[in-house]
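Presented below is the structure to which this report refers.
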Amino acid sequence: MTAFRTLDSANVANKRVLLRVDLNVPMENGKVSDATRIERVLPTIREIADKGGKVVLLAHFGRPKGPDPKESLRPVAAAVAAHLGRPVGFAEDCVGPTAKAAVDAMKPGDIVLLENTRFHKEEEKNDPDFVKDLADNGDIWVSDAFSAAHRAHASTEGLGHVLPAYAGRTMQAEVEALAKALEAPQRPVLAVVGGAKVSSKLELLGNLVKKVDILVIGGGMANTFLAAQGKAVGKSLCERDLLDTARSILETAKGAGCEIVLPIDVTVASEFKAHAPSKVVSVDAVGADDMILDIGPSSVEVVKGKLAQAKTLVWNGPFGAFELEPFDKGTNAVAQEAARLTKAGKLLSVAGGGDTVSALNHAGVGEDFSYVSTAGGAFLEWLEGKALPGVEILRQR
Ligand SMILES: Nc1ncnc2c1ncn2[C@@H]1O[C@H](COP(=O)(O)OP(=O)(O)O)[C@@H](O)[C@H]1O
Ligand SMILES: O=C(OP(=O)(O)O)[C@H](O)COP(=O)(O)O
């Protein structure tokens, strides 16, 4: 494995440092509801600023189709400043005259966050002209966004081709910690995959089932598998065009000797709303107007039984819409059991993902897992053994 170029070898004094961070943080009512991703990048920001660098933060937020005030990073800049205890400026564009004016006005040690890189469609295309526009405001590029390193985007990968590239402290720490915890995991290995990013994560499961002994599928992800088995899922989140993919993953799992665990009962409601009237039903009895928002109590018991068999747990994606009570019950119960087994020395537990970390904190066990990564999709791809473009670019230069 080629070593990273790290901040140890970077001369940042007086330099404009384009620092890619992942500030795709959970928000509730316009406020950051879980600051783990912010907390994790503070050491790198402080180190560069204290060495006299000008810290130009680049980040994405959500999946906007173009400029969209609802997906602005402005409120996140205020949260970064609050956690850092230092002022953080904000520029309303990440390229062009607005960004240039903000960066030109910086003094050594200053910190500025540029607006959502995804307001430009060229970001996700890794467009060379856009990369150049971003690079115009920097002398070096530091990436501390391990959780976005599975994306070969302009700010997560492209910049590494045109500027001297270095890994930030969180990037370093994540890769080291995951390798230490999971390079030779004790078996059985149990993976839990849930959450809502079904289309971008479902296909990963085809490789994951070859690496783990048991795969528990929950959250929105489970609905597509239930539908693939011919079950009704009503108004639930479900990717109908991925039913064949889901079926082929079930086949691959069978061939690989990986046990797949799906919910046997679910909590349904007719609205995606906290305290919406809800009931627990069998997965064979979901009605046309029902929305599956959590796993049910019998499923929780099944998952607890699987946890008791496992020596290693890897987890991305909550079991339900945990932000809305009472649809946090399944996630809370499983998280608390995993934490108990970890504290008893019976389980090595690694969990990751912006919302998953938030869910563990919500369940009161964020400190009790063996390792909590900021990364969800990137963590799953790393686990599959895939090379992550945003990591590889840091090794090559
Ligand atoms: N059954 C479900 N229906 C709709 N949304 C769900 C369901 N289960 C979980 N979710 C949502 O999944 C989101 C987290 O998914 P995801 O972004 O994939 O996780 P992470 O950020 O940890 O990688 C949460 O906002 C949660 O509300
Ligand atoms: O939140 C993220 O990933 P995650 O939800 O898998 O943890 C990253 O910021 C990547 O975001 P993306 O999946 O919109 O590219």
| query | Within the group Val17, Val25, Val55, which residue is crowded, with 23+ Cβ neighbours inside 10 Å, touching an Asp or Glu at 6+ places or on another chain (Cβ under 8 Å) and either over 23 Å from Met106 (Cα atoms) or small (Gly, Ala, Ser) (or both)? | reply | Val25
| request: Answer yes or no as to whether Ala285 is of a type in the set (A, V, I, L, M), under 30 Å from Lys386 (Cα atoms) and modelled with pLDDT of 95 or more. | output: no
| field | Boolean, Thr44 is buried (at least 22 other Cβ atoms within 10 Å of the Cβ) and among the polar types (S, T, N, Q) | value | yes
| field | Elements of type strands (runs of 3 or more DSSP E) in segment 163-261, at least 3 residues being within 16 Å of ligand 2 (Cβ to nearest atom), of a type in the set (A, V, I, L, M, F, W, C) and buried (at least 22 other Cβ atoms within 10 Å of the Cβ) | value | 189-193
| field | Hey, Lys311 touching a residue at least 12 places away in the same chain (Cβ under 8 Å), in contact with a Pro (Cβ under 8 Å, 6 or more places away or on another chain) and assigned by TED's automatic domain parsing to the domain that holds His275 or not | value | yes
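Across segment 73-126, what is the total count of residues that are of a type in the set (D, E, K, R) and in a loop (DSSP other than H, G, I, E, B)? Let's see the steps before the verdict.
So in segment 73-126, the residues of a type in the set (D, E, K, R) come out as 74, 86, 92-93, 100, 104, 107, 110, 115, 118, 121-125.
Those left that are additionally in a loop (DSSP other than H, G, I, E, B): 86, 92-93, 107, 110, 115, 121.
Within segment 73-126, residues that are of a type in the set (D, E, K, R) and in a loop (DSSP other than H, G, I, E, B) number 7.
Consider Pro97 carefully, then state whether it is assigned by TED's automatic domain parsing to the domain that holds Gly138, more than 25 Å from the chain's Cα centre (by Cα) and closer than 25 Å to Asp50 by Cβ. Explain how you work it out, then say what you get.
Numbers: assigned by TED's automatic domain parsing to the domain that holds Gly138: yes; more than 25 Å from the chain's Cα centre (by Cα): yes; closer than 25 Å to Asp50 by Cβ: no.
No: the conditions fail for Pro97.
The values are calculated or read from the model by the stated rules, or taken from the named source; none is laboratory data. Computed from a predicted structure; not experimentally measured. Methodologically, a virtual Cβ is constructed for each residue, glycine included, from the backbone with ideal geometry; neighbour enumeration extends over all protein chains shown.
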